[in-house]
Amino acid sequence: TFVVGEDCIKCKHTDCVEVCPVDCFYEGPNFLVIHPDECIDCALCEPECPVDAIFSEDELPEDQQVFLELNAELAEVWPNITEMKPAPADAEEWAGKPNKLALLER
Ligand code: F3S
């Protein structure tokens, strides 16, 4: 499965949802997640993310392992998103910033 990691927080560009053939993205206030049981491992979303926030499960960095659980958990409670929408106005400022997990809104 593919996993949305920390770099998505407060960036949320949503380019990823446009290419997903199975519509397995779910949207929170400032982050998106992939439903691990719905993802078909097509890999189409990974190169679409402008901030490289999406990883194959196998390539998820050590320090982002918590996002495996977070994607699974939040995909069950957040609404499905299937169309791109404008990113937050300050998305560029947050690109690549460290330690954004504490800013994740539920
Ligand atoms: Fe997030 Fe990148 Fe998608 S910032 S919403 S994973 S395009």
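Brief remarks on what is shown
- Lysine pair count for the chain (Cα-Cα distance under 13 Å; residues 8 or more apart in sequence or on different chains): 4.
- P(r) weight above 19 Å for the range 1-96, C-alpha pairs, percent: 30
- Entry note, the chain: the mean residue ellipticity at 222 nm calculated from DSSP H runs of n ≥ 4, each adding -39500 (n - 2.57), is -4000 deg cm²/dmol after division by the residues and rounding to the nearest 500.
- 10 Å Cβ shell holding at most 13 others, DSSP loop, GluC sites (Glu not before Pro): longest site-free stretch of the chain: 1-75
Bear in mind these aren't lab numbers, they're just calculated from the coordinates by the rules spelled out. All of these numbers come straight from a predicted model, not from anything done at the bench. All Cβ positions, glycine included, derive from the backbone under ideal geometry; neighbour counts span all protein chains shown.
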